[in-house]
Protein chains: 2
Amino acid sequence: MVKERLFTPGPVPLPPQVIRALGQQIIHHRTPEFTNIFLQTRKNLQKLLNTSRDVLTFASSGTGAMEACIVNFLSRGDRVLVINAGKFGERWRDLGLSYGLDVIDYQIEWGKTYDKERVKEILTDNPDTKGILVQHSETSTTTLHDLKFLAEMSNSLEDCLLIVDGITSVGVYRVFPEEIGIDLLITGSQKALMLPPGLSVLYYSEKAQRRLDKSDLPKYYFSVKAESKKQAKGQTAYTPAINLIVALSESLKMILDEGLENLEKRHEILAQMTREAMKELGLRLLSESPSNSATGVFTPEGIDADLFRKELQKIGVRVAGGQDHLKGKIIRIAHMGYFDYLDMIEVISAIEIILHKMGYKVELGKGVKRAQEILINNLQGVT
Amino acid sequence: MVKERLFTPGPVPLPPQVIRALGQQIIHHRTPEFTNIFLQTRKNLQKLLNTSRDVLTFASSGTGAMEACIVNFLSRGDRVLVINAGKFGERWRDLGLSYGLDVIDYQIEWGKTYDKERVKEILTDNPDTKGILVQHSETSTTTLHDLKFLAEMSNSLEDCLLIVDGITSVGVYRVFPEEIGIDLLITGSQKALMLPPGLSVLYYSEKAQRRLDKSDLPKYYFSVKAESKKQAKGQTAYTPAINLIVALSESLKMILDEGLENLEKRHEILAQMTREAMKELGLRLLSESPSNSATGVFTPEGIDADLFRKELQKIGVRVAGGQDHLKGKIIRIAHMGYFDYLDMIEVISAIEIILHKMGYKVELGKGVKRAQEILINNLQGVT
């Protein structure tokens, strides 16, 4: 008997509270009961983002909310800068192109973050840029992009929005859009919100709001105006993902009970344990600016990462692999959402076991020890 | 203690098998396990629609699949005829207008179906019509629109698609698109498929497929081409609503085990029991062409339908009300999906009790008796 453990960067494991909420008879959405849950959840999403502004949900996966950013706040021919540093950067680009935007595709080597000078250069050359599109945490390369600098850059232009995919950063970091200067921020349900996929979230700033009447791109299902009017009253323009909203009310309760500072600290420790253990084992990290949501790491020379993943599965650990040219080269270990410290010890130990099994010279327990040390050093702060 | 019973036309009650499937730990979507479930489910959706063609799912509510019909198969300026006989007819119109279609808005009194001569006239005057958009079952008025005639009309034109919202007809009737001549058929999860909302389904004909390369409307999240390529292999372009797919595999098993002929017959009997009981109580049906998915009925003169619904709730029955100008005038009783014969006896009896309570002269048990008679007359065929 082997237990299935998900260490994939989405979906992540569901807490029992969420599973219980999902495994219930449906309630009707045009009822005071649902409206109460919806409004409470909306309020808690606002707490999560430290804002009193509109925070909308859509019955879609995260890509739907990405589309909502484009079709509601931009117009045909608008010039936008895409920070394209991985699979999801490509998605911003492709979405922009699909809707006829004039996309400046700033391609960055996978695992690296943007160069400040280059961004400055591009924006100086293109002062009419209407949006900077970026992943806060690029899941495909486990890379964190600094937002503060981009917010400054965006603000220095006449009418530019900072548009942030926070799918694997919201709930890992304290992502407070008003403090940072984010104009559009989206996230999805199957990451740090600890739910199944099928629900997405959108915040928009006052500056972004002024674009709503100007945008000439067609929209209907992802209409922010239509949803905004309804959701403020606890309803939705189209049928909501009822059971995900009910489950979200549970997971947000957990998140707010933990406290956003503790939540961020926990993720930092989980990430540090993982990263330092991998380095201790002699493995090389993929990212020069690693995100606390997941850790990408190269398998040693001569060990195919996808074979390595198969071996891990045999002892009960599922991690993700690399995409495109990183396929077979890296594994990605998630530590966002419903993960605690001993979960990391499990996955690190499993990696040691399989490294050993596949003939890599490894001192068993060395990575685990390093992770334990980090945990103990931090315990005072967290227990 | 009063039990909550949903008799609303979406969401409808979930069967225990579905609740169990939902209340499980999540599985990852990039795994053979999910791919197997997805492909099996796809095959069963094909059985439901009696087709071997592509049947796609989207992580969205039904409106999302309606949007997919527009953006993938039509182009800016295309003339379309909307059979607008209720709230969802209006949605076809509004969607069409949002995407710049040239919409012929054929408005029909709520509760009535289209006039064949009028349709013929419109299409004769507009031989360049590229699509006829209709609800098979218009949920807001509980009205069934005949599709055969529209299919003939559509076929008589040079390049016209019959585009059908089957959200409350698929799983109630045998809706076989190839037999009927439907080019695009969509449905949603929270109706006869007995799931929570958040999943939609799209079938497209060979004729429709030829439009895919011609359509000039922008799309990304609802791209049929992108999904088609992936879903044939058991994957999806963007993260699927994993737990709804898993639950769909359960509900489709139930539907196919019952058999499509039996399923249709059961819905017919449930609907007939309800309609005949209401008439027996002296109430007037809303629709001249009633659908077997739900029954709309006027409350007696002097009894506000929304007050009536509140009284029903007190004894455990939730039905829907009327929308727009029918608000306060009608109630709508659902009988699609997870309903059996005795469920109808419950709701009919509850209606008798509340009619009596609200001072309407009613012979208690009269509606129930009529429903029982219908059931007994049909029992030979169904047990």
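The set of residues in segment A:18-41 being more than 11 Å from chain B (Cβ to nearest Cβ) and under 22 Å from the mean Cα position of the chain (by Cα) consists of A:Thr41 alone. Could you check how many residues of segment A:261-285 are assigned to a helix (DSSP H, G or I), out of contact with any Leu (no Cβ under 8 Å at 6 or more places or on another chain) and within 15 Å of A:Arg332 (Cα to Cα)? Final tally of qualifying residues: 6. The requirement of being in contact with a Gly (Cβ under 6 Å, 6 or more places away or on another chain) and at pLDDT 95 or above is fulfilled somewhere in segment A:164-177, by at least one residue. Taking segment A:1-114 and the helices (runs of 4 or more DSSP H) fully enclosed by it, the elements with 3 or more residues that are surrounded by fewer than 18 Cβ atoms within 10 Å (Cβ to Cβ), in the same structural domain as A:Thr141 (by TED's automatic domain parsing) and in contact (Cβ under 8 Å) with a residue 60 or more places away in the chain are at A:32-48. Entry remark, segment A:92-111: residues being over 24 Å from A:Asn155 (Cα atoms) and more than 12 Å from every other protein chain (Cβ to nearest Cβ) number 3 in total. In segment A:284-306, the residues that are within 15 Å of A:Ile351 (Cβ to Cβ) and hydroxyl-bearing (Ser, Thr, Tyr) form Cβ pairs under 6 Å with partners that are in a strand (DSSP E or B) and at pLDDT 95 or above, at six or more places apart or across chains, as follows: A:Thr295/A:Ile333. For A:Thr35, the stated conditions do not hold, so it cannot be described as touching a His at 6+ places or on another chain (Cβ under 7 Å), more than 24 Å from A:Val119 (Cα to Cα) and hydroxyl-bearing (Ser, Thr, Tyr).
A:Gly131 meets the stated requirement of being of a type in the set (Gly, Ala, Ser), more than 25 Å from A:Gly10 (Cα to Cα) and touching a Leu at 6+ places or on another chain (Cβ under 8 Å).
Among the candidates B:Gly111, B:Gly23, B:Gly10, B:Gly96, the residue that is at pLDDT below 95 and touching a helix residue (DSSP H, G or I) at 6+ places or on another chain (Cβ under 9 Å) is uniquely B:Gly10. Suppose the filter is in contact with a Gly (Cβ under 8 Å, 6 or more places away or on another chain), surrounded by fewer than 22 Cβ atoms within 10 Å (Cβ to Cβ) and assigned by TED's automatic domain parsing to the domain that holds A:Asp343; does A:Glu268 pass it? Answer is no for this residue. Taken residue by residue, segment A:140-162 has no member that is farther than 29 Å from A:Gly337 by Cβ, within 14 Å of chain B (Cβ to nearest Cβ) and either surrounded by fewer than 24 Cβ atoms within 10 Å (Cβ to Cβ) or touching a helix residue (DSSP H, G or I) at 6+ places or on another chain (Cβ under 7 Å) (or both). Scanning segment A:205-236 for residues that are surrounded by fewer than 21 Cβ atoms within 10 Å (Cβ to Cβ), farther than 30 Å from A:Asn155 by Cβ, within 14 Å of another protein chain (Cβ to nearest Cβ) and in contact with a helix residue (DSSP H, G or I) (Cβ under 8 Å, 6 or more places away or on another chain) gives a single hit, A:Gln235. When the strands (runs of 3 or more DSSP E) confined to segment A:286-341 are screened for residues that are within 16 Å of A:Thr8 (Cα to Cα) and of a type in the set (S, T, N, Q), those reaching at least 1 such residues are found at A:294-298. Restricting attention to segment A:324-343, the residues being surrounded by fewer than 17 Cβ atoms within 10 Å (Cβ to Cβ), of a type outside the set (D, E, K, R) and within 18 Å of A:Phe88 (Cα to Cα) number 1. Of the residues making up segment A:99-124, those that are in contact with a Phe, Trp or Tyr (Cβ under 8 Å, 6 or more places away or on another chain) and under 18 Å from A:Leu161 (Cβ atoms) are A:Tyr99, A:Tyr106, A:Tyr114, A:Val119, A:Ile122.
Among the residues of segment A:324-383, the ones that are at pLDDT 95 or above, on the phi < 0 side of the Ramachandran plot and among the small types (Gly, Ala, Ser) come to 5 in all. The residue that is farthest from the other protein chains (Cβ to nearest Cβ), among those in segment B:237-260 that are within 20 Å of B:Leu193 (Cα to Cα) and assigned to a loop (DSSP other than H, G, I, E, B), is B:Gly259.
Scanning segment B:42-91 for residues that are polar (S, T, N, Q) and within 13 Å of another protein chain (Cβ to nearest Cβ) turns up B:Thr57, B:Ser60, B:Ser61, B:Thr63, B:Asn72, B:Ser75. Among the residues of segment A:56-85, those that are under 22 Å from the mean Cα position of the chain (by Cα) and farther than 19 Å from B:Gly198 by Cβ comprise A:Cys69, A:Ile70, A:Val71, A:Asn72, A:Phe73, A:Val80, A:Leu81, A:Val82, A:Ile83, A:Asn84, A:Ala85.
The values are calculated or read from the model by the stated rules, or taken from the named source; none is laboratory data. Everything numeric in this text was worked out from a predicted model, so none of it was measured. Cβ atoms come from the backbone with ideal geometry, glycine included; neighbour counts cover every protein chain shown.
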